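**Q** Take this structure first; my questions come after.
Rule-based calculations on the coordinates, nothing more; no lab input. Since the model is a prediction, treat every value here as computed from it, not as a measurement. Ideal geometry is used to build each Cβ from the backbone, glycine not excepted, and the neighbour counts take in all protein chains shown.
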Amino acid sequence: MTASAQTTVTAAPPAAPALFEEWSGYLKPEDITQLRAAYQFSESAHQGQYRKSGEPYIAHPLAVASILAQWHMDTQALTAALLHDVVEDTNVTKNQIAELFGRPVADLVDGVSKLDRIEFDSQEKAQAENFRKMLLAMARDVRVMLIKLADRLHNMRTLDAVHPQKRQRIARETLDIYAPIANRLGLNSIYQEMEDLSFSHLYPDRHRVLAKAVRTARGNRREVVSKVLDSIERRLREHGVEAQVQGREKHLHSVYRKMREKHLSFAQVLDVFGFRIVVKDTTACYVTLGLLHGLYKPIPGKFKDYIAIPKANGYQSLHTTLFGPFGSPIEIQIRTADMHRIAEAGVASHWLYKSSNTSLSELQQKTHQWLQSLLEMQSESGDSVEFLEHLKVDLFPDEVYVFTPKGKIMSLPRGACAVDFAYAVHTDIGNRCVAVKINQELMPLRTELRNGDRVEIITASHAKPNPLWLNFVATAKARAHIRHFLKTMHFSESVQLGSRLLQQALANFKAMPADVGDAQWDRLVRDSSGRSRDEILSDIGLGKRLAVVVAHQLLALGEPLPAEARPAGAVVVRGSEGLAVQFARCCGPIPGDPIIGIISKGQGMVVHTHDCPVIAKSHRDPERVLDVQWDANPSKLFDVGIRLVVANQRGVLAKVAAEIAAAESNIQNVAVDPDDGGTYTVMRFTVQVMNRMHLARIVRDLRKIPEVVRINRIKG
C-alpha cells in the first residue's frame, strides 16, 4: 500500500547521533539535551546486555524512539521510549527515573513495563494481568500504548532470532491483541505491518507461497491498473477536479483472510483492483463519486459513506465498488488529504499534524470515550482473564450504524442486538430494558440490528438483566455489565442464605446470632483469610463452607454460653431467594411437597422432594443435608410438568389450554406427540402453579374434559 511520506515507518533506526540530528527538526535544543541524557542513561543501564540477534541491547530502545519520532511524538514520550526497558530488565527503579527525568516519564515507563516481579498461577493469568495494567495506564495516557506498539513492532521485525515456540506465541499475541489495538487507534500502517509479520511467523509456508503469487500477479495486472488509472485521471481532469490517484494493493494477510473467510481462490481475490483518490475537500469527494459512477457502473449495495458516519477509530472515506473494464470489480476510496492523514496515522496524527481541525478533535474524543469504556469494563469484570476476553470482543468491530429515537447515530459491532444498543446508550437502560421497537415495530430483544435501524428501548423500573442475554449479546460492555450484575445479585442472595443457614447451625449449638460479637467475627475473618464477614456468609450459602463448622469456630472464639436450650428451626424456603436457592429439576418440588435441602458446593442450596430418586441413590454427606420447610405464603409461581393421554380429536388441545387458563395458571411450554393415526395421543404441558392445592385443582378440572383419558404429574 502506498503511504504518505510522513507516516512511513523506517525498518532500521539511524545511529544515535544521526537520530538526534533528525529530531532537532521539530524539537527544541533543551529537548535534545534531555534525550541525549536519557540515551546515555539507558546505554549505561543496559551495558553488557545483548539481544537474541547479537546486537547491543540499546539498539532496541533507539529503534522504538525512531518509530515514535516519525509521528513527531513529544519529548516525554521519546524519553520514555529510550528508557522503556530499564525498570523491567535492570536494577533501575521508577523513583530513580522520576528524579532524573520527571514523574510523567516515569509513569509512561511504568505503564509499558510488565509485572515480572509478581508470581502468577499461569502464563495466561500473567499475560492477562500485564495487558490490564498496560491498558489502564493507556486509559490515563494514550502515549503508553503508542510506545508499546512501537516496541512490539520492532520486536516483530527482529523475531527471527527468537526460539520458534516463543516466536509463535508472540506472533499470535500480536495478531490477536496488538494489531487490533493499532487498528482501533487508527494506526493503519502499523496495523497492516503487524498483521503481515504475524502471518509470516505463524504460517511461514502459506506466507511464502502467497507472497510469490502476489509478485507474479503484479506484473500481469500492470496493464489493467494503468488503463483504469488513466481513465479515472482523465475523467476528473475534464471536470476540473484536482486529485491524486493511486493504485492500492492489498497486504498479504488481508488477501489470506479474505480467501479463508469467504472461501475464495487467490485469483478471485486478486481480480479486485483497488484505487485511492485524494481530493482537496469534502464537496470534491462527493463530486468525484458522481463522476466515477458515470464512468463505470456501480455494483449495488457496495457503497459506504464513512464521511457522514465515520468509523469508531475516526476513519473517514467514501467507499464504492464499480464494474471495471473486462468485468473486473474496482474498489475505490475517496477522501481528503486530512482524512488520509488520519487514516494512516490515526490518534498519532494529534502529534504529527497539530491544527484546529475538527476531525482531529472528534478523533481524540472518540478515542477518549473508548479508553473510558475500558476503565468501566475492568471495574465491572474484576478478573484480569475475563477483562482480556471482553477486550478481544471489543477489538474486532465490523460496524453497523443505527439511530436513536432522537436521530443520534450509534456505532455497534456487526451482530449486535437490542440489548447491546441499550447498554451502549446507558448502563441503567441496559439493566432495565424489557422490550424494543425497531423501526416502530415491537421486536424480541435478541433481534440483530441492521444498518439504518431506528431503535427505541422500552424499560421498566422492576426489570433486571437476564442470564440468557449472555448467549446473544455481541459487545464487551453489555457482557461485562450483565456479568457484574449477576455476580453482585448472586453474592447478595448467597449472603442472605448463608446468614439463615448459620442462624440454624448456631441454634443447634443452643446459641443465637446475638451471642456472636464483632470481636469473634473479626478474629474468624483474620484467621480464615477471608476479606469480610459477608464473604464468609456467601461461602456458606454457596456450599464452600459448612455452616456447622463456622458456627463452631465462632462460638469457640467467644465466652462459654449459658446452658439453656434453644430449639433449632428449619430453614424456610420462600421461592424468591434467587440464584442461592435452586429447585432440583429431577423432582421439581412445589409448595406442599415434603422437601429437604442439599448444600451443593458452588451452587448454594438445592431443594429436593423427600422421595426424589436422585438423592436416594446418591451417597450423601449428612452435614450437607438441611431441614427445610416451605414458607406459608411462597412469593413466586413454580413450574410443574403434567402428562395427558387424550382422544385424538380435533379441538382437544384448545379445550385443555382453556381449562388451564381458567384455573389461573400460565402455560410455559406444550409438546404434543406426532399424529400417528391412532385413537389416542400424548400431550405434555409445563404449567405454573402456586402450590400442590393449585395443581390438584387444575388436574381435577382437566379430568372433567371428556377427551382426557389419563393425567399424571411429570417428575424429572
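**Q** Pop a pseudo-label 7 angstrom from the Cα along the beta-carbon direction at both N691 and V625 and give the gap in nm to one decimal.
**A** According to this spin-label approximation, the distance is 2.6 nm.
**Q** If r is the Cβ-Cβ distance from Q649 to R700 and R0 is 22 Å, what FRET efficiency results, to the nearest 0.05?
**A** Given R0 = 22 Å and the Cβ-Cβ separation, E is 0.55.
**Q** Let me ask something additional. Taking the Cβ-Cβ separation of R208 and T33 as r and a Förster radius of 60 Å, what is the calculated FRET efficiency to the nearest 0.05?
**A** With a Förster radius of 60 Å, E is 0.80.
**Q** While we're on this one: Please list 83-92, 302-311 highest first by mean number of surrounding beta-carbon atoms within 10 Å per residue.
**A** 83-92, 302-311
**Q** Follow-up. Filter the cross-link list K94/K250; K258/K297; K297/K477 down to pairs whose alpha-carbon distance in this structure exceeds 32 Å.
**A** Those over the limit are K94/K250; K297/K477.
**Q** Sticking with this one: Using the basic label-point model (7 angstrom from Cα toward the beta carbon), what is the A556 to E99 distance in nanometres?
**A** Result for the modelled spin labels: 5.1 nm.
**Q** Here is a follow-up. Can you compute the modelled spin-label distance between A661 and V425, with each label point 7 Å from Cα toward Cβ, in nm?
**A** That separation, rounded to one decimal, is 3.2 nm.
**Q** For an R0 of 22 angstrom, estimate the FRET efficiency from the Cβ-Cβ distance between R235 and K280 and round to the nearest 0.05.
**A** 0.85
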